[in-house]
Amino acid sequence: MTEKQRYPLAQAEAVAKELVVLLAPACEREPVVAGSVRRRSPTAGDVELVAIPKPSADAFYLDELDRVVYGLLTDGRLTSRGAYGPKNKFLVHVASGIPVDIFTASVENFGRDLMIRTGPKDWNKKVMRRFLELGGHGHAYGPWAVSWDYGAWEAAPDEATMFGFLRWPYVQPEART
């Protein structure tokens, strides 16, 4: 198995900042950088963004984010690298060669999506184990962040809500292991 290429944090941050500026007008709020860039890892394998798209008046597009990304694909700033749909868009920033993953979130579960997409994988496993300890189930997709064994379903509009469900103090992204 070949090892995934890694890019210096400064290079990945520059790509992330460029894309946040380009995508922000198509989103309900400014997209947030997630993944290893948010965790301030020395290198990043990709740039991950979590965004809440605005609806589109044009039926050709999934939403306004789709319209803007399509424009970036058309003008050659981005290229596709596989799956492209309403939830996940896997792309490449052409000038740098850095893979870009855009994950769409809802207002109701932005916090869940940001936490999961910030990772890393071992952190996410710890989060899911904690939900089980508390009598619940964490959900990476769907309309709810957590479902409880007693029948309640809850959303997480921000990370503070997620940490509240977990009964943990807030952990900075750099310290999530």
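Per-structure values
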read-out: Residues of the stretch 145-177 that turn out to be without any contact (Cβ under 8 Å) to a residue 40 or more places away in the chain and under 18 Å from residue 125 (Cα atoms), as a count; value: 15
read-out: Residue tally, condition under 19 Å from the mean Cα position of the chain (by Cα) and either in a loop (DSSP other than H, G, I, E, B) or closer than 21 Å to residue 36 by Cβ (or both), over the stretch 147-177; value: 15
read-out: Count - residues of the stretch 34-79 that are among the hydrophobic types (A, V, I, L, M, F, W, C), touching a Lys or Arg at 6+ places or on another chain (Cβ under 8 Å) and closer than 16 Å to residue 89 by Cα; value: 5
read-out: Given (1) among the β-branched types (Val, Ile, Thr); (2) out of contact with any strand residue (DSSP E or B) (no Cβ under 8 Å at 6 or more places or on another chain); (3) open to solvent by less than 70 Å² (accessible area, probe 1.4 Å), index of the condition residue 146 fails; value: (2)
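The values are calculated or read from the model by the stated rules, or taken from the named source; none is laboratory data. Model, not experiment: these values are computed from the prediction. As a convention, Cβ positions derive from the backbone with ideal geometry for all residues, glycine included, and neighbour counts pool all protein chains shown. For the accessible areas, the whole protein counts, side chains as well, though only heavy atoms, and no ligand, DNA or RNA atoms are used. Shrake-Rupley method; radii C 1.70, N 1.55, O 1.52, S 1.80 Å.
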